[in-house]
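What follows draws every value from the coordinates through simple rules; no lab data is involved. Please read all numbers here as calculations on a predicted model, not as lab measurements. All Cβ positions, even for glycine, are placed from backbone atoms using ideal geometry, and neighbour counts span all protein chains on display.
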Amino acid sequence: MCGIVGAVAARPVAEILLEGLRRLEYRGYDSAGMAVSNGNTTERLRRTGKVQALADALAENPLSGHLGIAHTRWATHGKPTENNAHPHMSGDRLAIVHNGIIENFEVLKAALIKQGFRFTSDTDTEVVAHLLQAELNGGSAILDAVNTVVAKLEGAFALGVIQMDNPGQMIAARKGSPLVVGVGIGENFIASDQLALLQVTDRFMFLDEGDVARISCDGIEVWDQAGASVERDVVRYEHSVSSADKGEYKHYMMKEIYEQPKVLAAAMEGRLSNGRLLEQAFGAGASEIFDQVKQVQIIACGTSYHAGMVAKYWIEDLVGIPCNVEVASEYRYRPVVLPEGTLFISVSQSGETADTLAALREIKDRVLASLTICNVPGSSLVRESDLCLMTNAGPEIGVASTKAFTTQLVGLLLTTLALGRRHNLSEEKETEIVAALQQLPELTRQVLEMDKDIELMSQSFAEKHHSLFLGRGPMYPVVMEGALKLKEISYIHAESYPAGELKHGPLALVDKDMPVVTVAPRNGMLDKLKANLQEVRARGGELFVFAGCSEQVKPEEGMAVLHMPEVPAILEPIVFTVPLQLLSYHVAVLKGTDVDQPRNLAKSVTVE
Ligand code: F6R
């Protein structure tokens with residue numbers, strides 16, 4: 001999704017902006033651009049494709065100046081062309097970058113055309129540039145112009161604005177899209193994400209909804225939605241700077257898969273003691289809220305939704321209260337019934353997903369309380385929820401989520417414990433689950449040792465166009481996640497089904513060209529699953545099985561079996577996810593796709 005970087009400094013800013021864009025590449029984009037002001041002119045360069053194309057262009061035509069904004073665009077209005085790339089300008093003195101969607105841009109555009117403004121792009125963003133220029137033409141100062149214009153905008157936006165007549169300052173505004181101010185010494189910055197600025201600062205100020213800020217070398221002034229001057233806290237970045245680098249790995253995704261033993265431990269750190277959960281980890285007032293919970297509503301998108309689906313099995317089994325799970329893009333737009341005592345749980349890696357955030361805002365006042373399971377401190381979901389449990393996975397750069405998912409599962413299991421102790425979960429059972437959780441980093445490490453075998457297995461997939469993923473019980477969402485990973489990064493069509501549904505339709509697809517992947521832990525459903533696998537074998541389908549117990553599923557012709565370590569049943573959804581991540585990764589590498597930035601996808605989906 002679009003990424004913004006801006007800088008005002010005593011030193012030239014072009015390189016800082018370029019490095020910032022590189023660090024935002026993970027968000028997904030299709031063009032990039034930069035505008036730099038040197039007091040006399042504002043120069044702009046834009047390129048379609050990768051940030052490297054912009055870097056090459058800059059090497060030929062350097063932009064020099066101490067004030068600048070830059071952008072990676074993920075096309076929403078208009079194709080990914082150079083004309084549509086940001087920054088957008090009105091005249092040659094004003095440049096803006098924008099993340100989000102201006103929903104009323106057509107009406108505004110029509111009015112601007114009548115006033116004589118000429119549009120050179122198909123974007124909604126250019127409307128904002130001309131609206132600002134219209135205000136400046138009428139004699140407004142830039143800050144007043146921004147305030148007037150944002151009041152006219154409907155939709156979501158984070159904006160960075162520079163004006164040549166004010167070479168020492170930039171204006172930032174945010175409503176609905178993330179924007180953070182990077183606090184330097186004698187220089188300041190803005191960006192969509194802290195990661196973009198870690199090369200220049202580790203201190204950040206998060207702007208609130210509706211905030212407008214004026215940023216110069218030696219000051220940051222912020223005004224809230226009502227126009228009142230406000231102070232926003234400056235916080236230090238919590239993760240080590242190196243956690244955002246690729247290190248020895250070829251791809252961020254692989255690095256993030258391999259980080260799982262460490263981050264799964266971090267997801268539990270300080271939250272377990274003497275075999276029990278410390279529920280203060282959920283924030284002040286958590287215990288009083290948990291006391292009143294009668295049912296749970298989980299909302300999320302994509303991978304995070306799959307984590308929520310696993311939690312439904314845990315909550316209904318171990319807590320014994322109803323738990324509904326729904327994708328945010330549906331939930332937010334339908335009339336929903338919210339029984340008394342509903343705990344609303346949002347699950348999100350980024351904490352900025354537009355649909356999840358909108359769902360929270362929609363029902364916030366109608367539920368007992370809201371809890372977010374999130375990976376990004378200071379994100380909108382964290383700030384707007386009553387309670388939060390940080391997943392502590394560290395920055396996830398690969399667009400395809402891996403460590404964020406497994407740490408979300410830990411967060412959701414801890415939530416299950418908190419709720420369970422008020423309902424069906426005995427103290428002995430809680431202690432048993434805590435003991436199991438403590439084995440999780442080591443078990444995950446053992447699964448990573450299977451990597452070479454999984455890489456070998458992946459060779460059978462590289463030529464295939466379709467695949468089927470089967471699972472039963474809580475392993476059904478696990479195979480949903482496995483199928484999503486495969487399609488995201490290898491572009492192989494992958495469908496997931498509860499194995500029991502096979503004979504109700506998808507069996508018709510099975511033949512020798514349709515590999516069927518399944519996870520088969522030793523649980524009460526194994527015999528039923530094995531019967532489903534026989535149905536596949538009987539139709540010539542090739543099976544790839546991650547099995548839990550060597551005696552029960554044996555390899556045979558047309559059926560490759562890899563045996564997993566013995567895993568406590570409660571941890572199976574977490575541990576069995578890892579081989580599916582590795583399988584997708586190796587298939588994608590064999591196919592030569594852009595593993596970390598798969599086509600058409602964005603890391604943080606901050607538009608609808
Ligand atoms: C898939 C993936 C996406 C995200 C989804 C929600 O690998 O990463 O499906 O899970 O866009 O994002 P968050 O978790 O940031 O709300």
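Most tightly packed first, judged by the mean number of other beta-carbon atoms within 10 Å of their residues, the peptides 468-477, 359-368 read 468-477, 359-368.
For the range 490-555, applying the loop criterion from DSSP together with a ceiling of 10 other beta carbons within 10 Å to the chymotrypsin sites (Phe, Trp or Tyr not before Pro) yields no site. Only lysine pairs 8 or more places apart, or on different chains, with alpha-carbon atoms under 29 angstrom apart are counted in the range 252-446, and they number 12.
Using a cutoff of 8 angstrom between alpha carbon atoms and counting only pairs six or more residues apart, the relative contact order for the range 3-236 works out to 21 percent.
With the gyration tensor restricted to C-alpha atoms of the range 330-458, the semi-axes of the equivalent ellipsoid amount to 30, 22, 13 Å, longest first. Report note on the peptides 568-578, 214-224: ranked by the mean count of other C-beta atoms within 10 Å, highest first, their order is 568-578, 214-224. Here each label is just a point 7 Å from Cα along the line to Cβ, and for residue 528 and residue 362 those points are 3.2 nm apart.
Here the extension length gained between residue 111 and residue 455 equals 118.0 nm, from 0.36 nm per residue of separation less the Cα-Cα distance. Hey, what angle do you get for helix 403-420 against the long axis of the chain, alpha-carbon based, 0 to 90 degrees rounded to 10? Taking Cα atoms only, the helix is inclined about 70 degrees. Note that the range 278-284 has calculated 3J(HN,Hα) couplings of 9, 7, 4, 4, 8, x, 4 Hz, one per residue in order, obtained from phi through the Karplus relation 6.51 cos²θ - 1.76 cosθ + 1.60 (θ = phi - 60°); glycine and proline are x.
Here r is the Cβ-Cβ distance between residue 284 and residue 557 and R0 is 60 Å; the resulting FRET efficiency, rounded to 0.05, is 0.50.
Remark on the chain: hydrodynamic radius 25.3 angstrom, per the Kirkwood mean of 1/r across alpha carbon pairs. Each peptide among 43-53, 282-292 gets the average number of other Cβ atoms lying within 10 Å of its residues, and from highest to lowest they stand as 43-53, 282-292. Cross-link reach is defined here as a Cα-Cα straight distance under 19 Å, omitting same-chain residues fewer than 8 places apart; for residue 512 the aspartates and glutamates meeting it are 463, 495, 535, 542, 556, 557.
Pairs of lysines 8 or more apart, or on different chains, with alpha carbons under 26 Å: count those in the range 3-236, would you? Lysine pairs satisfying the spacing and distance rule in the range 3-236 number 9. Across the range 252-446, C-alpha contacts under 8 Å between residues 6 or more apart give a mean separation that, scaled by the residue count, equals a relative contact order of 31 percent.
Loop-located GluC sites (Glu not before Pro) in the range 419-494 (DSSP state other than H, G, I, E, B) with a sparse environment of at most 13 neighbouring Cβ atoms within 10 Å: 449, 463.
Take every pair of alpha-carbon atoms less than 8 Å apart whose residues are at least six positions apart; their mean separation over the length of the range 176-334 yields a relative contact order of 12 percent.
Beta-bridge orientation, the range 459-600: approximately 5 percent antiparallel, per DSSP, counting only bridges with both partners inside. Helix 526-538 and the longest principal axis of the Cα set of the chain meet at an angle near 80°. Under the shape rule built on the C-alpha gyration tensor, where the axes satisfy a ≥ b ≥ c, the range 388-448 is oblate, since a/c reaches at least 1.5 while a/b does not exceed b/c.
Computed from backbone phi, the HN-Hα couplings of the range 578-591 come to 4, x, 5, 4, 5, 4, 4, 4, 5, 4, 4, 4, 4, 7 Hz, rounded to whole numbers (Karplus: 6.51 cos²θ - 1.76 cosθ + 1.60, θ = phi - 60°; Gly and Pro given as x).
Report the antiparallel proportion of the DSSP beta bridges in the chain as a percent, rounded to a multiple of 5.
Within the chain, antiparallel bridges account for around 60 percent of the total.
In degrees, nearest 10, range 0 to 90: what is the angle between the Cα axis of helix 427-448 and the longest Cα principal axis of the chain? So the inclination is approximately 80 degrees. Cα-based values for the range 252-446, radius of gyration first and Dmax second, are 15.6, 46 Å. Couplings 3J(HN,Hα) for the range 79-85, derived from phi with the Karplus relation 6.51 cos²θ - 1.76 cosθ + 1.60 (θ = phi - 60°), are 5, x, 10, 5, 5, 7, 5 Hz, where x marks Gly and Pro. If you take the Cα centroid of the range 210-270 and the Cα centroid of the range 274-314, the two points sit 24 Å apart.
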